[in-house]
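Remarks on the structure that follows.
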Amino acid sequence: MTKKECNFCGGMIKAKKKPFVIEANGQQLLIEGVPCFECVRCGLTNISFQVMDTTKKIGRIFRRGKLNTQTKVIPIIKYDSCLSL
């Protein structure tokens with residue numbers, strides 16, 4: 001992506017690295033540091049086709065159990081349970 005303008009709101013696009021989650025076999029894999037482009041105005045995030053292909057490849061390898069991953073425990077809460085807060 002070479003455009004410097006958001007397709008949604010027209011805001012400026014900045015290159016960033018963000019986490020990306022893949023779901024496979026009932027498990028989630030968090031990939032840290034995925035290159036992307038984010039709008040500074042509306043927050044819309046896009047990734048290139050090349051990066052998407054790489055994340056799909058990582059997902060296929062993850063499904064086969066061939067990745068050396070770390071496990072981190074994170075708190076989980078359902079959105080609906082917070083509506084009355």
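A short reminder: the numbers here are calculations on the coordinates, not readings from a lab. Model, not experiment: these values are computed from the prediction. Here the Cβ positions follow ideal geometry from the backbone for every residue, glycine too, while neighbour counts run over all protein chains shown.
Dipole magnitude for the chain: computed about the Cα centre from +1 point charges on Lys and Arg Cβ and -1 point charges on Asp and Glu Cβ, it is near 320 debye. Considering only alpha-carbon pairs that sit under 8 angstrom and 6 or more positions apart, the relative contact order computed for the chain is 22 percent. Per-residue extension of 0.36 nm, minus the Cα-Cα distance of Met12 and Lys78, leaves a gain of 20.5 nm for this segment. Enclosing the Cα atoms of region 13-82 in their convex hull gives a volume equal to 126 cubic angstrom per residue.
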